[in-house]
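The values are calculated or read from the model by the stated rules, or taken from the named source; none is laboratory data. This structure is a prediction, so every number in the text was calculated from the model and none was measured. Virtual Cβ from ideal backbone geometry, glycine too; neighbours counted across all protein chains shown.
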Amino acid sequence: MKTAFKTLLTEQQLRQLIREELKSVISGEDVNIGGDNESGFITIDQAVEYLKMSKSAIYKLTMSGDIPKHKKGRRLLFVKSELAEWVKSGMDDSKE
């Protein structure tokens, strides 16, 4: 059951809230993606930053199955803890 709240917002405040929510959804920064915890999903851009690798190198590794990855629809996602384990293991034994 969803909880509803009634509040008074100006048109400008409502537009700002909508803008922020859309930006969050578009960038993939929702509750389950982009979290700071080690078990949360991260996006390809966050994986690039985390692994200090180029985006094209990560894409090549995903195409060859050499990096742990997950797909949600067409979206490519990673789990930080799996990437950390992959790095520790020598970055070569993560074929799915």
Unmet criterion (only one of (1) surrounded by 10 or more Cβ atoms within 10 Å (Cβ to Cβ); (2) more than 11 Å from the chain's Cα centre (by Cα); (3) at pLDDT 75 or above) for Ile42: (2)
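Looking only at region 3-23, decide whether some residue is in contact with a helix residue (DSSP H, G or I) (Cβ under 6 Å, 6 or more places away or on another chain), surrounded by 11 or more Cβ atoms within 10 Å (Cβ to Cβ) and either of a type outside the set (A, V, I, L, M) or at pLDDT below 65 (or both).
The answer is no, given that none of the residues of region 3-23 is in contact with a helix residue (DSSP H, G or I) (Cβ under 6 Å, 6 or more places away or on another chain), surrounded by 11 or more Cβ atoms within 10 Å (Cβ to Cβ) and either of a type outside the set (A, V, I, L, M) or at pLDDT below 65 (or both).
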Selection within region 75-96 - closer than 20 Å to Gly40 by Cβ and modelled with pLDDT under 90: Arg75, Ser94, Glu96
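To keep it simple, each residue is scored yes or no on (1) surrounded by 14 or more Cβ atoms within 10 Å (Cβ to Cβ); (2) of a type outside the set (Val, Ile, Thr).
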position	(1), (2)
Ser56	no, yes
Leu61	yes, yes
Ile67	yes, no
Val87	no, no
